[in-house]
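Here the structure comes first, spelled out in structure tokens, and everything after it is commentary.
Bear in mind these aren't lab numbers, they're just calculated from the coordinates by the rules spelled out. Note that the coordinates shown come from a computational prediction; the quantities given were computed from them, not determined experimentally. Positions of Cβ are generated from backbone atoms using ideal geometry, with glycine treated the same way; all protein chains shown enter the neighbour counts.
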Amino acid sequence: MLGPALLAAARNDGIRRFVSAAPLTRPVVDRFVAGERLDQATAVAAGLAARGLRVTLDHLGEDVHDPAEALRARDAYLALAEALGRLGLGERAEMSLKLSAFGQALPGGHDLALRHVLPVVEAAAAAGTAVTLDMESHPTVDSTLAVHAELRRRFPETGAVLQSALLRTEEDCRALAAAGARVRLVKGAYREPAEVAHQARREVDRAYVRCLGLLFAGEGYPMVGTHDPRLLAIAEAIATRRGRPAGSFEFQMLFGVREAEQRRLAARGHRVRVYVPYGTDWYAYFMRRLAERPANLAFFARSLVSR
Ligand code: FAD
């Protein structure tokens, strides 16, 4: 019951101001966010890489309605690409971004986002790495997949994300698996209406398994984005059945979530990539993480009273 309320709060400016100003919010945010500055994020990335993990860095930001802010997002990612070039981890440290941070919701937003994101993808390629386009709520999916297709004409390593919660996603998996793309499969972090999305968790999980089957049967590079122990085991079993060698797919998890499992999978010889968000605009990301797991909310509430 709390999940939908938290997802609604993730888009509420009044609650954003209240939660962001609460002095005790910070230590809890730190569990999920690598820091506010680029140097903190690259330090975390280097530390994870030293332990055999890959990373995808996300400069936090979304739902931008001011053209100047969209330019700032582009510039932040250009700085990130440069820093990754210096770090020298190649594709072991890539970038994830949300097109809504690049102006997708502004008038003419589709073209604007494409125009802003292109130099970032070029800079990533120059730094020996790649970009994955995060997927946001359902009205943005067509535009995001079209930008992805356009970017892949010159940069085929550009990744996309598909959400098993959406009814359309099996079709999208078929299309992208055939094209040989890097596809991160997730359950989906947004509250979506019944016309477009499965509502029961059980249905979202079943769809996830069907999508895994489609992606692993195809020519592409599946990126299994989940912490769910059952789905992780099923993905491993499907990969084995399909004779997929370890380097032909990867697991992805969020910074601060199930870290022991991240290390366990890596120790079993799997590629594991950690999604590392950083920056000052952490509110919406943080609220989605609270919504995913009531225990996180209890952890947050405890931190508010235990000082
Ligand atoms: P769940 O059933 O939610 O969780 C399974 C178990 O994992 C839980 O029982 C718990 O032990 C653990 N767990 C899960 N979440 C948390 C948490 N927040 N805190 C602590 N423990 C937790 N969604 C999008 O819509 N678009 C994206 O682009 C996107 N990118 C993602 C990238 C990565 C690498 C990952 C891992 C997730 C991404 N997501 C994205 C979020 C995703 O859609 C889910 O909301 C999120 O992963 C939780 O679902 P789950 O598969 O882990 O399963």
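Here the Karplus relation 6.51 cos²θ - 1.76 cosθ + 1.60, evaluated at θ = phi - 60°, turns the backbone of the range 136-146 into coupling constants of 10, 5, 4, x, 8, 5, 4, 4, 5, 5, 5 Hz, with x for every Gly and Pro. Once the chain from D75 to E36 is taken as fully extended at 0.36 nm per residue, the excess over their C-alpha distance is 12.5 nm.
Compute the Cα gyration tensor for the range 160-297, then decide on rounded, prolate or oblate, letting a ≥ b ≥ c be the square roots of its eigenvalues: rounded whenever a/c is under 1.5, prolate when a/b is larger than b/c in the other cases, and oblate in all that remain. Cα axes put the range 160-297 in the oblate bin.
Can you tell me how the range 34-281 classifies by the Cα gyration tensor, rounded, prolate or oblate, using a/c under 1.5 as the rounded cut? Here the range 34-281 falls in the oblate category. For the range 1-83, rounded, prolate or oblate, judged on the Cα gyration tensor with a ≥ b ≥ c (square roots of eigenvalues), a/c < 1.5 rounded, else prolate if a/b > b/c? Oblate is the answer for the range 1-83, as a/c is 1.5 or above yet b/c matches or exceeds a/b. Spin-label model, F155 to D66: label points 7 Å out along the Cα-to-beta-carbon direction sit 2.6 nm apart.
Residues of the range 58-92 falling in the label zone of A46, defined by backbone nitrogen less than 18 Å from a point 7 Å along Cα to beta-carbon, are 58, 79-92. Computed 3J(HN,Hα) for the range 261-268, one whole-Hz value per residue from the Karplus formula 6.51 cos²θ - 1.76 cosθ + 1.60 where θ = phi - 60°, is 5, 4, 5, 5, 5, 5, 5, 7, glycine and proline marked x.
With contacts taken as Cα pairs under 8 Å and at least 6 residues apart, the range 200-307 reaches a relative contact order of 19 percent. Electrostatic bookkeeping for A10 treats Lys and Arg as +1 and Asp and Glu as -1; over the other residues with beta carbon under 15 Å from its beta carbon, the sum is 0. Applied to the range 126-134, the Karplus parametrisation 6.51 cos²θ - 1.76 cosθ + 1.60 on θ = phi - 60° returns per-residue 3J(HN,Hα) values of 5, 8, x, 9, 9, 10, 10, 8, 4 Hz, with x for Gly and Pro.
This model, with +1 at the C-beta of Lys and Arg and -1 at the C-beta of Asp and Glu, gives the chain a dipole about its Cα centre of some 1160 debye. Just V33, V120, V196 to compare: in a GNM of the chain, with alpha carbon springs under 10 Å, which one fluctuates most? The residue with the greatest mean-square fluctuation here is V196. Here the gap between S20 and E259, fully extended at 0.36 nm per residue and compared with their Cα-Cα distance, gives a gain of 83.5 nm. How much net charge surrounds L97 when only the other residues with a Cβ under 12 Å from the Cβ of L97 are counted, with Lys and Arg +1 and Asp and Glu -1? Value of the local net charge: -3. Let me check I've understood the local charge: for T280, count other residues with C-beta under 10 angstrom from its C-beta, Lys and Arg +1, Asp and Glu -1. What total comes out? Overall, the nearby charge balance is -1.
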